[in-house]
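Nothing in this text is a laboratory measurement; each read-out follows from the coordinates by a stated rule. All values derive from a computational prediction rather than experimental measurement. Neighbour counts are summed over all protein chains in view; Cβ atoms, including those assigned to glycine, are modelled from backbone coordinates with ideal geometry.
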Amino acid sequence: MVRSMWRELGFYIVFDEEKNEIRVEADSAGLLSFAKLFRDYGTDPDTIEVGHEHLGPYSDPTIITGTEKKCTEKYIQGTQSDFLALALEVETEAGRMSPGESYFSQHFCNSSGIRIRFHLQKAGFDPCTADPLLQDEAKT
């Protein structure tokens with residue numbers, strides 16, 4: 001079930017405690033899926049004042065509507081405009097990057113100390129391969 005959820009999402013996302021960052025691993029299609037998810041959230045009338053959406057099979061991080069742009073190990077918070085700007089930034093960077101490259105979001109999380117890092121993988125990337133819990137499962 002976890003594998004199918006990662007594959008449906010199209011990207012792997014996790015909070016990396018050591019680096020104090022939210023890390024997104026994806027190929028170009030997966031980065032565009034990430035952007036679409038945030039674009040859809042940012043245009044949903046039900047999320048204008050209060051809303052949230054869980055990312056990934058482990059429910060973290062969560063997208064949360066709020067008045068302040070903020071990232072923690074548990075959530076990415078902002079206004080609908082903030083999420084639309086993040087979607088546009090990711091779409092732009094996905095078209096510019098080459099596999100193996102990373103970039104930090106310039107729009108989000110600079111003031112909180114926690115950043116969002118996007119790492120572009122080769123086309124056909126399976127998000128399951130980035131999940132260490134699934135790697136441990138495969139070894140047993």
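Let's see how each residue does on (1) in contact with a helix residue (DSSP H, G or I) (Cβ under 7 Å, 6 or more places away or on another chain); (2) over 20 Å from ARG7 (Cα atoms); (3) not in a strand (DSSP E or B):
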{"residue": "PHE38", "(1), (2), (3)": "yes, no, yes"}
{"residue": "TYR58", "(1), (2), (3)": "no, no, yes"}
{"residue": "GLU73", "(1), (2), (3)": "no, yes, yes"}
{"residue": "PHE83", "(1), (2), (3)": "yes, yes, yes"}
{"residue": "LEU88", "(1), (2), (3)": "no, yes, yes"}
{"residue": "GLU91", "(1), (2), (3)": "yes, no, yes"}
{"residue": "THR129", "(1), (2), (3)": "no, no, yes"}
{"residue": "GLN135", "(1), (2), (3)": "no, no, yes"}
Checking the conditions here, which among GLY30, GLY100, GLY56, GLY78 is closer than 22 Å to ALA130 by Cβ and in contact with a Gly (Cβ under 7 Å, 6 or more places away or on another chain)? GLY30
Pairs needed: first member in region 8-34, farther than 16 Å from PRO57 by Cα; second member anywhere, among the hydrophobic types (A, V, I, L, M, F, W, C) and buried (at least 23 other Cβ atoms within 10 Å of the Cβ); C-beta distance under 6 Å; at least 6 residues apart or different chains. LEU31/VAL90
I need the full set of residues from region 8-39 which are surrounded by 14 or more Cβ atoms within 10 Å (Cβ to Cβ) and of a type in the set (Asp, Glu), in order please. GLU21, GLU25, ASP27
Mind listing whichever residues of region 79-132 are touching an Asp or Glu at 6+ places or on another chain (Cβ under 9 Å) and at positive phi? CYS109, GLY124
